[in-house]
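Asks: Take this structure, written in structure tokens, and hold onto it; I'll ask about it next.
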Amino acid sequence: WDWFFPHLYSPLATDIVNLREFYDDVDEKGFGSFPFEMGTPFPSLAQLLSVLPPQSADLLPRPLGELMVDPASPLIGFYPADFDSDANGKRQKWEAVVQIPFIESDILLGTVHQILDADESKPDDSKLLTGGERRRNVPGQSHIFRAPEQ
């Protein structure tokens with residue numbers, strides 16, 4: 001999805017307690033309507049590019065993983081080698097909030113679609129994904145598994 005919360009920290013409850021004063025149309029329970037445009041989910045491989053660190057580039061198909069580490073990549077600025085982190089009283093390094101730039105969806109999707117839409121008639125194209133890699137990017141169906149009632 002292309003909407004995200006564009007801040008490193010979530011608001012405190014005290015920050016949002018009077019949030020309803022910002023809404024014109026409040027229902028009987030005090031809830032206001034929030035204008036939210038329903039978009040479409042990112043392709044699976046683009047989603048992985050937006051959350052994985054460059055050290056995990058080998059988990060992606062080669063042409064996409066290279067986008068995280070190639071200095072000439074249009075996405076390289078979103079994967080800085082040096083960045084600040086805010087431990088904010090946390091004991092473990094992995095608990096800190098890393099202060100890296102949020103990836104811009106239009107740049108991400110434009111770059112990914114260049115690879116996803118690469119011409120399959122050119123087998124020597126280094127940006128070409130295999131059939132299996134392409135299937136990883138196809139949305140599947142959701143399934144719910146339940147234990148039999150006893």
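Read-outs throughout are calculated quantities, based only on the coordinates presented, and are distinct from any laboratory measurement. Worth saying up front: this structure is predicted, and the values here are computed from it rather than measured. Heads up, the Cβs are rebuilt from the backbone with ideal geometry, glycines too, and the neighbour counts pull from every protein chain shown.
Asks: Return a yes/no flag: does the range 66-74 have any residue that is surrounded by fewer than 18 Cβ atoms within 10 Å (Cβ to Cβ), of a type in the set (A, V, I, L, M) and under 15 Å from the mean Cα position of the chain (by Cα).
Replies: No, the range 66-74 has no match at all.
Asks: While we're here: If you go through the range 47-80, how many residues are without any contact (Cβ under 8 Å) to a residue 24 or more places away in the chain and in contact with a Pro (Cβ under 8 Å, 6 or more places away or on another chain)?
Replies: 4
Asks: Can you report the number of residues in the range 87-116 which are in contact (Cβ under 8 Å) with a residue 40 or more places away in the chain, farther than 25 Å from residue 43 by Cβ and surrounded by fewer than 13 Cβ atoms within 10 Å (Cβ to Cβ)?
Replies: Within the range 87-116, residues that are in contact (Cβ under 8 Å) with a residue 40 or more places away in the chain, farther than 25 Å from residue 43 by Cβ and surrounded by fewer than 13 Cβ atoms within 10 Å (Cβ to Cβ) number 1.
Asks: How many residues are under 16 Å from residue 53 (Cβ atoms) and either out of contact with any strand residue (DSSP E or B) (no Cβ under 9 Å at 6 or more places or on another chain) or hydrophobic (A, V, I, L, M, F, W, C) (or both) if we restrict to the range 63-94?
Replies: Of the residues in the range 63-94, 18 are under 16 Å from residue 53 (Cβ atoms) and either out of contact with any strand residue (DSSP E or B) (no Cβ under 9 Å at 6 or more places or on another chain) or hydrophobic (A, V, I, L, M, F, W, C) (or both).
Asks: Could you list, in sequence order, all residues of the range 56-92 that are under 22 Å from residue 9 (Cβ atoms) and among the polar types (S, T, N, Q)?
Replies: Once the filter is applied, which keeps residues that are under 22 Å from residue 9 (Cβ atoms) and among the polar types (S, T, N, Q), the range 56-92 yields 85, 88, 92.
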